[in-house]
Amino acid sequence: MWWMMGEAGGHYCSKKTDSICGGVCSQETGRFFSFSRLCCALRGVDMKTYIFLLVIVPTCVLAGYIHGQKISYFLRPLWESPPKPFHDIPHYHHENATMETLCKLHGWGVRDYPRRVYDAVLFSNELDILAVRWRELYPYITQFVLLESNSTFTGLPKPLVFAAHRDEFEFVEPRLTYGSLGGRFVKGQNPFYEEAYQRVALDQLLRIAGITDDDLLLMSDVDEIPSRHTINLLRWCDEVPKILHLRLKNYLYSFEFLVDNKSWRASVHRYETGKTRYAHYRQSDEILADAGWHCSFCFRRISEFIFKMKAYSHNDRVRFSHFLNPKRVQRVICKGADLFDMLPEEYTFKDIIGKMGPIPHSFSAVHLPSYLLENAEKYRFLLPGNCVRESE
């Protein structure tokens, strides 16, 4: 007789199964027929499969959770094509060359008088780099336009930092148009919506500042600093492109860590009423080479690094709370590593692999903003060899 009824009824145990599984099935334990079948199935699995199921698979799942973003960035060349190359315009400059000579070298004419120039920025908390920027550009800017909000792009409340320190920028006061904007504090909203909202408000502030057709408008973040001779060239030369991006040297944490020369988002526009809109994306194929500096995350205090990590549009890169640990932040800065433990944002495996690891230290402080060097003691943290930041 091949089948026996278990005590609970309805649960059957096979004598064949009982013999194959070493007596796991019996009349008394017939209710555990399903377990005995699992036992029989596992009896046919070798040790390598056990290791794979119990060790390798969980390890892969954990690695994917921790390093999933790295894997995605490394495979970027497979799922995203590189953008269309810019048309690079060679940049000619020497302090002893006449403006007529420089304009002709660029293929442009020279004007009888210079254009007016407006420098417009959205401000968060970058007081030190703002001072370096405005001192560098001061000789050639008609009007400085600054807008700040009591909300970060991610919807966090923040103080009006510039308003509290406005007296430190008295040198621009006669040429300053300042505006403040109340945040919307929409919970869970994409940070880029708040950023776009603030840029629209900056358009309105520019009109209040008195910008008119054919004035030059500089669109860039506070830490994207065009060199003063670049702005002087563009205000004096005729026939410059209506929209011209600026290629800047790309630094991280200070002028000790030169990443590359690929920063491109800064742009200069010949203003057109009703057409020109303040933006921070690609708007033209023309780009002027070697036009200044982009110093990203160039802060004096550790607390400022942590604030920006939580406040700016890419705050989703803070995947783990220990990323915000002050001691870790300090170690990462001095090492020249990535605060978010990310791979380089490149489009070829060659470029990704070439940039992996910490940024090499640079010991050159040549061709930096003059105000920075003239006030080296105050801004020592921005110069090579001074990676330690203030804790408060």
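For a paramagnetic label modelled on residue 366 (point 7 Å from Cα along Cα→Cβ), amide N atoms under 20 Å away belong, within the range 283-304, to 289-294. On a C-alpha basis, how far is the centre of the range 92-168 from the centre of the range 373-392 in Å? Whole number, if you could? Comparing the Cα centres of the range 92-168 and the range 373-392, I get a distance of 22 Å.
Computed in the context of the full set of protein chains, the accessible area of the range 87-298 at 1.4 Å probe radius has 51% of its extent on carbon or sulfur.
For residue 170, the solvent-accessible surface with a 1.4 Å probe is about 130 Å², rounded to the nearest 10.
For the range 87-298, what does the accessible surface come to per residue with a 1.4 Å probe? Please give it in Å².
Working: 9000 Å² over 212 residues.
Result: 42 Å² per residue.
A straight Cα-to-Cα reach below 27 Å connects residue 84 with the lysines 70, 242, 249, 262, 275, 350, 355, residues fewer than 8 places away in its own chain not being considered. Evaluating 6.51 cos²θ - 1.76 cosθ + 1.60 at θ = phi - 60° for every residue in the range 169-178, the Karplus couplings come out as 10, 4, 5, 9, 3, x, 10, 9, 10, 10 Hz, glycine and proline recorded as x. Classify the range 87-298: rounded, prolate or oblate, from the alpha-carbon gyration tensor (a ≥ b ≥ c, eigenvalue square roots; a/c under 1.5 rounded; otherwise prolate if a/b is larger than b/c)? Because a/c hits 1.5 or more and a/b exceeds b/c, the range 87-298 counts as prolate. The alpha-carbon of residue 310 sits under 18 angstrom from the alpha-carbons of these aspartates and glutamates, leaving out residues fewer than 8 places away in its chain: 126, 148, 194, 195, 221, 223, 338, 341, 392.
The values are calculated or read from the model by the stated rules, or taken from the named source; none is laboratory data. Here the structure is a predicted model, which is why all the values come from computation and not from measurement. Cβ atoms come from the backbone with ideal geometry, glycine included; neighbour counts cover every protein chain shown. Only protein heavy atoms, including side chains, enter the accessible area calculation; ligands, DNA and RNA are left aside. Shrake-Rupley method; radii C 1.70, N 1.55, O 1.52, S 1.80 Å.
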